[in-house]
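Engineer: Below: one structure in structure tokens.
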Amino acid sequence: MAAKGILVGGGTGFVGKRLGELLVSKGFNVTNISRMPAAKNISWTHLDEHGIPAGTVGVVNCAGQQFMDFTKAWTPGFKQNILNSRVRTTQTLSNAINKSVNKPQVFVLITGVGAYEPSDHKKYDESSPTTGNDFFSKLLVEWEKAAQVSPPTRLVIIRSGAVLGRDGGMIKNMFLPFFFGVGGPIGNGQQYLPWIHLDDLVRLIHFAIENPDVKGILNGVAPQVIRNIDFTKAFARALSRPAIIPVPETILNIALNPERAMIMTKGQHVTPKRVLDYGFKYKYDNIDAACKSVAHLFPQKQPFTDM
Ligand SMILES: NC(=O)c1ccc[n+]([C@@H]2O[C@H](COP(=O)([O-])OP(=O)(O)OC[C@H]3O[C@@H](n4cnc5c(N)ncnc54)[C@H](OP(=O)(O)O)[C@@H]3O)[C@@H](O)[C@H]2O)c1
């Protein structure tokens, strides 16, 4: 019997690559949609012209220009690229799904907890409104709106926290300063830091693909709510280094633009109520274990045997 196909937008990235490894280990046949040609890739134009490949049972979108690409200034053009790379890819996928004759069972979109307006006192779960007025809250509304697909395809939107993995995201950016003992909290470190380990995020995507009951919004965050200072201490402990030199908020605002810097300087209290209600079991439910698994100078991949 032919392997069941999963189509992954942005499957070449930090999350997409690890997801592909997990899905292949579970017997799926993974095709990436990418701007770069490669053996297992198709292009966005190919998707638009030829539709969803035959045998596709699930579609996942992990595509999106990185917010924290420090080589790029925070210009209107870059912001447009951030928006287009998410909204247009999502729209292209939902159009292709809606037009397909043999519809995939599920469409999983990875967005972010930026959907919830940063706050020191509000507490968010999946039923909370997304009414923020900052750039990221507004982007998230447009991004998720582009994902409308009709039954029988289930729509699952995973609002991810900061993804902790050695090869990308926050850890990759912070690794060397922490490794050399010059890391520290951002500002006063009191802002919430919703987080999830990379392996739990890809396990949650797989869980959403395999379980026909799962649909709607899921907060892709660990159940343990922490602040930036808790992460700083846990990561420093995992590396056996001090982390006492704070990064002043004003420096980040000047270097990155306050609109972009808010990803680090502000945060939200987010819990994964629906994820837990569905019975998903986290492999990394506390920040110490998660930090230990990524605190290696040379990245070490966990096998998928226990996933
Ligand atoms: N990493 C995190 O901590 C985190 C947290 C919350 C949410 N997320 C979301 O999760 C998704 C995946 O994140 P990631 O960390 O895996 O990102 P990543 O490593 O930067 O990968 C994203 C992928 O998106 C594609 N892409 C980039 N710019 C594009 C553009 N202009 N048009 C079309 N495709 C483009 C790239 O694929 P090609 O180069 O092959 O085209 C790339 O492999 C993103 O949407 C991100 O916002 C990530």
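Engineer: Just give me the residues in segment 13-33 being in contact with a helix residue (DSSP H, G or I) (Cβ under 8 Å, 6 or more places away or on another chain) and within 11 Å of the ligand (Cβ to nearest atom), in sequence order.
Structural biologist: Scanning segment 13-33 gives F14, V15, R18, L19, N32, I33.
Quick grid of which residues meet (1) within 14 Å of the ligand (Cβ to nearest atom); (2) within 30 Å of I254 (Cβ to Cβ):
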| site | (1), (2) |
| --- | --- |
| M36 | yes, no |
| I42 | yes, no |
| D48 | yes, no |
| Q65 | yes, yes |
| F70 | yes, yes |
| P76 | no, yes |
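Engineer: Okay, next question. Checking E49 against (1) in contact (Cβ under 8 Å) with a residue 12 or more places away in the chain; (2) out of contact with any Gly (no Cβ under 7 Å at 6 or more places or on another chain); (3) not β-branched (V, I, T), which test does it fail?
Structural biologist: Checking E49 against (1) in contact (Cβ under 8 Å) with a residue 12 or more places away in the chain; (2) out of contact with any Gly (no Cβ under 7 Å at 6 or more places or on another chain); (3) not β-branched (V, I, T), the one that fails is (1).
Engineer: Can you pull out the residues in segment 18-32 that are over 14 Å from I209 (Cβ atoms) and without any contact (Cβ under 8 Å) to a residue 60 or more places away in the chain? Walk me through it before giving the result.
Structural biologist: Keep residues of segment 18-32 that are over 14 Å from I209 (Cβ atoms), which gives 18, 21, 31-32.
Within segment 18-32, T31, N32 meet the criteria.
Engineer: Related question: Which of the residues that make up segment 75-99 are over 19 Å from the mean Cα position of the chain (by Cα) and surrounded by fewer than 17 Cβ atoms within 10 Å (Cβ to Cβ)?
Structural biologist: T75, P76, G77, F78, Q80, N95, N98, K99
Engineer: Please indicate, with yes or no, whether at least one residue in segment 263-272 is over 21 Å from Q191 (Cα atoms), part of a loop (DSSP other than H, G, I, E, B) and of a type outside the set (D, E). Show your work before the answer.
Structural biologist: Here is the first cut: in segment 263-272, the ones over 21 Å from Q191 (Cα atoms) are none.
Scanning segment 263-272, I find no residue that is over 21 Å from Q191 (Cα atoms), part of a loop (DSSP other than H, G, I, E, B) and of a type outside the set (D, E), so the answer is no.
Engineer: Also, I was wondering about something else. Which residue out of L276, L252 is more than 29 Å from G181 (Cβ to Cβ), of a type outside the set (D, E) and in a helix (DSSP H, G or I)?
Structural biologist: Going through L276, L252 in turn, the sole match is L276.
Engineer: Find the strands (runs of 3 or more DSSP E) located wholly in segment 137-197 whose residues include 2 or more that are closer than 18 Å to G64 by Cα, and list them.
Structural biologist: 154-160, 162-164
Engineer: Answer yes or no: is there a residue in segment 139-152 that is touching an Asp or Glu at 6+ places or on another chain (Cβ under 8 Å), within 25 Å of D277 (Cβ to Cβ) and within 16 Å of the ligand (Cβ to nearest atom). Don't jump to the end; show me each part of the working.
Structural biologist: So the first thing to find is which residues in segment 139-152 are touching an Asp or Glu at 6+ places or on another chain (Cβ under 8 Å), and the list is none.
No, segment 139-152 contains no residue that is touching an Asp or Glu at 6+ places or on another chain (Cβ under 8 Å), within 25 Å of D277 (Cβ to Cβ) and within 16 Å of the ligand (Cβ to nearest atom).
No lab work stands behind these numbers, since they all come straight from the coordinates. All of these numbers come straight from a predicted model, not from anything done at the bench. Cβ coordinates were reconstructed from backbone atoms using ideal geometry, including for glycine residues, and neighbour counts include every protein chain displayed.
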